[in-house]
Amino acid sequence: MNYVADDSRYKTMQYNRSGRSGIKLPVVSLGLWHNFGGVDTFTNSRAMVLRAFDLGITHFDLANNYGPPPGSAEETFGQILAKDLKPYRDELIISSKAGYWMWDGPYGEWGSRKYLVSSLDQSLKRMGLEYVDLFYHHRPDPDTALEETMQALDFIVRSGRALYVGLSNYPADKTREAAKILKQLGTPCLIHQPSYSMFNRWVEDGLLTALKDEGIGCIAFSPLAQGLLTDKYLGGNIPEGSRASKAHGFLKPANITEDKLAKVKKLNEMAKSRKQTLAQMALAWVLRHETMTSVLIGASKVEQIDDAVGTLKNLDFTSSELQQIEMVLNS
Ligand SMILES: NC(=O)c1ccc[n+]([C@@H]2O[C@H](COP(=O)([O-])OP(=O)(O)OC[C@H]3O[C@@H](n4cnc5c(N)ncnc54)[C@H](OP(=O)(O)O)[C@@H]3O)[C@@H](O)[C@H]2O)c1
């Protein structure tokens, strides 16, 4: 069936400015790390992307290695673009990344100019795009001079392959250094993509301050701790089809500990008293920082995307609610 976007797609979504840039991102963005690869069902992947766009999610996040197999999520997204979203290209912020292993030999990972430019050319081909809106260096490279990696990002923008650049998984000090180089080159860093959730709070120790100082936006990945911060695992078993049940899933059954489940149970009760799902409360909690531009969720079903967008109905916390959450997390 031919896809026509929902006329009401911009009615409920909110958009936050990324740092001091001209770009606004939806408060909820969709990532294609899991459930959009060659091993997944295309009709479900397509339904999720189109539902997201109908709900005002204008930002889709990819990387060279998403799949499995690596590269296949970009191929899936390319098919959806060609079939459905082509007329809406100018309404979309599409990102990709390079940094992790992608091909054999010395030029298939990390942060050299050779790797970043070749990898992005491959990503563009897989997605059938002339340019991506945002291109990230996926992780810091301890062995390549930061200048080379940042010059490569600057070149990528100047050569028309990307409109903006970002950093992912960079610690605070390296982010400040990289931001300075990028500013000098004339290609400012648009956004940083770190992991952040109730169970993973490293960004609170310096990174968020660095981003505020530098005028860089922040988009938090795995805000639901890959599904742990939902009611999914509360029954004490690992449901069939869940991420923890899949051999290629990055959430391992060993990560679902008694201690975590005890906290999730208490948080779930708190969410109920706020008339939210636990997923919604966990997303609102990430968004409570003024520097947080967007939460980057993953999904395996259309309903999970609806649930995430429902977060917008209650983004506020009282100080007593925040204290209670701290108590649970520190218990
Ligand atoms: N830059 C990086 O290094 C990096 C690393 C990781 C991820 N990312 C980006 O961040 C994106 C999101 O990461 P993530 O998938 O780990 O995020 P997440 O939102 O923490 O986890 C998504 C998973 O949570 C479960 N879920 C979501 N909504 C739910 C709901 N309402 N009720 C119950 N379960 C729900 C689903 O698991 P089931 O599949 O079990 O249903 C879903 O696949 C990725 O797609 C990628 O774009 C970036």
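The values are calculated or read from the model by the stated rules, or taken from the named source; none is laboratory data. These figures come from a predicted structure and were not determined experimentally. When we count neighbours, we look across all protein chains shown, and the Cβ atoms used for this are built from the backbone with ideal geometry, even at glycine. For the accessible areas, the whole protein counts, side chains as well, though only heavy atoms, and no ligand, DNA or RNA atoms are used. Shrake-Rupley method; radii C 1.70, N 1.55, O 1.52, S 1.80 Å.
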- Task: On a C-alpha basis, how far is the centre of region 208-229 from the centre of region 312-330 in Å? Whole number, if you could?
- Result: 17 Å
- Query: Across 5 Å bins from 0, what is the distribution of all Cα-Cα pair distances for region 50-164, in whole percents?
  - Reply: 2, 12, 23, 23, 19, 11, 6, 3, 0
- Once you charge only the Cβ atoms, +1 for Lys and Arg and -1 for Asp and Glu, what is the size of the charge dipole of the chain about its Cα centre, to the nearest 20 debye? 380 debye
- Kindly express, to the nearest 10 degrees and within the range 0 to 90, the angle between helix 172-185's C-alpha long axis and the longest C-alpha principal axis of the chain. 40 degrees
- For the table K114/K301; K232/K313; K212/K252, the rows whose alpha-carbon distance is greater than 26 Å are K114/K301; K212/K252
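Taking R0 as 41 Å, what's the FRET efficiency between Y15 and T43 from their Cβ-Cβ distance, rounded to 0.05?
Using R0 = 41 Å, I get an efficiency of 0.90.
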- Query: Packing-wise, with mean Cβ within 10 Å as the measure, how do 285-294, 34-43 rank, highest first?
  - Reply: 285-294, 34-43
- Query: What is the P(r) of region 209-314, as percent of Cα-Cα pairs per 5 Å bin from 0?
  - Reply: 2, 12, 21, 22, 20, 13, 7, 3, 1
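What length, rounded to one decimal in nm, is gained on full extension from E303 through to E147, with 0.36 nm per residue of separation minus their alpha-carbon distance?
51.8 nm
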- In Å², rounded to a whole number, the accessible area per residue of region 1-111 with probe 1.4 Å is 43 Å²
- Note on the structure: With Rg from the Cα atoms and Rh as the Kirkwood inverse mean 1/r over Cα pairs, the chain has an Rg/Rh of 0.95
- Note on the structure: Charge dipole of the chain built from unit charges on the beta carbon (Lys, Arg +1; Asp, Glu -1), centred at mean Cα; most positive-end Cα among L182, N65, I297 is I297
- Using 0.36 nm per residue, how much length does the chain from N255 to L315 gain when fully extended, once their Cα-Cα distance is taken away? 18.8 nm
- Query: How far is it, in nm, from the label point at K266 to the one at R288 when both lie 7 Å from their Cα along the line to the Cβ?
  - Reply: 1.5 nm
- HN-Hα J in Hz across region 274-284 - Karplus 6.51, -1.76, 1.60, θ = phi - 60°, x for Gly and Pro: 8, 6, 10, 7, 4, 4, 5, 5, 5, 6, 4
- Which of the peptides 75-81, 274-280, 15-21 is most tightly packed, and how do the rest follow, judged by the mean count of other Cβ atoms within 10 Å per residue? 75-81, 274-280, 15-21
- So the carbon and sulfur contribution to the accessible area of the chain, 1.4 Å probe, in percent, is 51 percent
